[in-house]
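Below is one structure, written out as structure tokens, with a few remarks after it.
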Amino acid sequence: MESSQYIFVVSGVVQCVGFRYHTSRQAQAMGLSGYAKNLNDGRVEVLAVGDSQQIEMLHAWLNIGPSSATVDNVVMHQVKESERQDVRIGAFKIL
């Protein structure tokens, strides 16, 4: 199975509402690895590593988020092969 890496940047009311925790739970349930971290400007960055079907499922979920959040926008881009991060398979961290 060929895995891909994607970065999502989620904006809206996504900090102080459990967004990273819920994202981690969803990603782990989908079999993804990566991380979710708060950015200084109020957005959340998510790195997802997995196959294309898993990535699309997470993308769809991120556009909705948990009921405690209000998602305004999700920007998605694939990480270039030369810029891929070393991620332990099976681990999805909250940073």
Cβ pairs under 7 Å, 6+ apart or interchain, first in the range 1-25 and within 21 Å of Asp72 (Cβ to Cβ) and polar (S, T, N, Q), second modelled with pLDDT of 95 or more and open to solvent by 30 Å² or more (accessible area, probe 1.4 Å), ordered by first then second residue, are Ser11/Arg43; Ser11/Asp72; Ser11/Asn73; Gln15/Asn38
Quick check on this structure: which one of Gln28, Gln15 is within 12 Å of the chain's Cα centre (by Cα) and not in a strand (DSSP E or B)?
Gln28
Could you grab me the full set of residues in the range 43-63 that are at pLDDT 95 or above, in contact with a strand residue (DSSP E or B) (Cβ under 9 Å, 6 or more places away or on another chain) and either in a loop (DSSP other than H, G, I, E, B) or over 16 Å from Ser4 (Cβ atoms) (or both)?
Arg43, Val44, Glu45, Asn63
I need the full set of residues from the range 64-94 which are closer than 14 Å to Glu45 by Cβ and of a type in the set (S, T, N, Q), in order please.
Asn73, Gln85
In the range 45-84, anything of a type in the set (A, V, I, L, M) and open to solvent by less than 40 Å² (accessible area, probe 1.4 Å) is listed as Val46, Leu47, Ala48, Val49, Ile55, Leu58, Leu62, Ala69, Val71, Val74, Val79
Among the residues of the range 31-42, how many are outside any loop (DSSP other than H, G, I, E, B) and surrounded by 16 or more Cβ atoms within 10 Å (Cβ to Cβ)?
5
Going through the range 85-95 in order, the residues found to be open to solvent by less than 70 Å² (accessible area, probe 1.4 Å) and among the aliphatic types (A, V, I, L, M) are Val87, Ala91
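The values are calculated or read from the model by the stated rules, or taken from the named source; none is laboratory data. Keep in mind the model is a prediction, meaning the values are calculated, not measured. Heads up, the Cβs are rebuilt from the backbone with ideal geometry, glycines too, and the neighbour counts pull from every protein chain shown. Ligands, DNA and RNA are stripped out before the accessible areas are found, and what is left, the full protein with its side chains, is counted by its heavy atoms. Shrake-Rupley method; radii C 1.70, N 1.55, O 1.52, S 1.80 Å.
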